[in-house]
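The values are calculated or read from the model by the stated rules, or taken from the named source; none is laboratory data. Keep in mind that this is a model prediction, so the values were computed, not measured. Here the Cβ is made from the backbone with ideal geometry for all residues, glycine too, and neighbour counts use every protein chain on show. Note: accessible area is taken over every heavy atom of the protein model, side chains too, but ligands, DNA and RNA are not part of it. Shrake-Rupley method; radii C 1.70, N 1.55, O 1.52, S 1.80 Å.
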Amino acid sequence: MGAYVIGIDGGGTAAKGMTADTAGQVLRRFRGGTTNYNGAAREDVDHNVRELLRAARGSLPADGCAAVCIGSAGVNNAAAAEALRSAVRDTGFTCPLRIVADSVTAQAGALDGGPGIVLIAGTGSICFARRADGAQLQVGGNGHLIDDGGSGYDIARQMLEAIVRAHDGRAPATLLRDPVFEALHISDVNELVSWLYDERRTKKEIASLAVLLKPAWARHDSAARHIVRRAAESLAELARPAVSFMGCRTPLALSGSVLKHNAPIRSALTELLRSGGTFGNAVEIVPPKHEADYGAVLLARQLAAAPVP
């Protein structure tokens, strides 16, 4: 067995990882660019993978690696997963390699490798469950065009909708308008529309506006209160199939920037999860124990310890 393992959490815009010895002691931490072939040019992602693995290895020999696990956005696309696998092999690493969706490593990290559910609301949203028998279920995570309810992008889109509806008289005035205009350095709705539909605009930039929801909510703005309620309901909806899939009382970790930084949404969601009806006493809400890169290390250690077929 090699002397170390590598775990990488590869998001849509950036990646971070850990190198650890086979007992789990972290040797180094590193960061780099996206590993998502669906959202960037192949040559750019290939470069990012090379740089990530160079940072992961440091002065350690490539043939000393016992296993690599990468949890990445976009790998549900078989072609993207194969491209990522090829990029790793091209760096000289021949050790066992596991490539999984980033929700898989998030669940492993949040629950320290144990069974249970992770519900993630960041730029996007997704729920992932794993039972003790190894069976897995993903709910959501199909992108901002058709899914991602309760995500930062979804919240920001609803905020902008409330502003334009109020502007032309379809809805009451909202306290969301001024902080959004100030953040974007604009003065009217026409500029807002131009900013939003600029071809260079990314969903991450749009999602970043979600942090402006909480102050308006605190001042009892009706639009903000409605958005908080809808976000909590959307996230609870993601959790329902996962809770049913688990079939017993199960830990559920809340993760992602929205649930970390937006207390009103987290509180409303927690109330729904602890209420009767579908959930009842079926979930125990727990804080995430570790982040997804540590989850990737856990899975890499499991892979390194697995018998050779």
Percent of alpha-carbon pairs separated by more than 16 Å within region 127-194: 60
Largest-first principal axis extents of the Cα set of region 54-97 (Å): 33, 15, 15
Could you check the spin-label model distance between N77 and D188? Points 7 Å from the Cα along Cα→Cβ, value in nm. 4.0
If the chain between Y197 and T22 were fully extended at 0.36 nm per residue, the gain over the current Cα-Cα distance would be 58.2 nm
Quick shape check on the chain: root eigenvalues a ≥ b ≥ c of the Cα gyration tensor, a/c under 1.5 is rounded, otherwise prolate if a/b tops b/c, else oblate, and it reads oblate
Which of the listed residues, S275, S255, L235, is farthest toward the dipole's positive end in region 195-309, when Lys, Arg count +1 and Asp, Glu count -1 at the beta-carbon? S275
Sparse-neighbourhood loop sites, trypsin sites (Lys or Arg not before Pro) in region 69-117 - DSSP loop, at most 10 other Cβ within 10 angstrom: none
Counting alpha carbon pairs within less than 8 Å and at least 6 residues apart, what relative contact order, in whole percent, applies to region 91-215? 19
Considering only DSSP states other than H, G, I, E and B, which chymotrypsin sites (Phe, Trp or Tyr not before Pro) in region 124-219 qualify as loop sites with at most 13 other Cβ atoms within 10 Å? Y197
Below 8 Å, C-alpha to C-alpha, sequence gap of six or more: please give me the relative contact order for the chain in percent. 24
Spacing of the two label points (7 Å from each Cα toward its C-beta) at N142 and R170, in nm: 2.4
Angle, helix 263-273 long axis vs. longest principal axis of the chain, Cα atoms, 0 to 90°, nearest 10? 80
With angles folded into 0 to 90 degrees, how steeply does helix 222-246 sit against the dominant principal axis of the chain? Use alpha carbons for both and round to 10. 40
Amide H within-cut-off set for A101, under 5 Å, with H built and near neighbours excluded: S72
Could you compute the FRET efficiency for K204 and T94, with r as their C-beta to C-beta distance and R0 at 45 Å, rounded to 0.05? 0.80
Which percent, nearest 5, of DSSP beta bridges in the chain are antiparallel? 55
How much FRET efficiency would the formula 1/(1 + (r/R0)^6) give for A306 and A55, where r is the Cβ-Cβ distance and R0 is 22 Å, rounded to 0.05? 0.30
Under 5 Å from the placed amide H of V283, counting only residues 5+ away or on other chains, we find T250
Residue-by-residue Karplus 3J(HN,Hα) for region 210-217, coefficients 6.51, -1.76, 1.60, Hz, glycine and proline x: 4, 5, 7, 6, 4, x, 5, 4
Would you mind counting up the charge near P264? Only other residues with Cβ under 10 Å from its Cβ, with Lys and Arg at +1 and Asp and Glu at -1. +4
What the 5 Å binned alpha carbon P(r) of region 1-52 shows, as percent of pairs per bin from 0, is 5, 22, 26, 17, 15, 10, 5, 0
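Between the DSSP loop rule and a limit of at most 10 other Cβ atoms within 10 Å, which trypsin sites (Lys or Arg not before Pro) in region 103-175 are left?
Loop-located and lightly packed - R170.
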Value at 222 nm in deg cm²/dmol, rounded to 500, when DSSP H runs of n ≥ 4 in the chain each add -39,500 (n - 2.57): -13500 deg cm²/dmol
Using a 1.4 angstrom probe on heavy atoms only, work out the carbon and sulfur share of the accessible area of region 1-83 in %. 46
So which of K260/K289; K204/K260; K214/K289 end up more than 23 Å apart by C-alpha? K214/K289
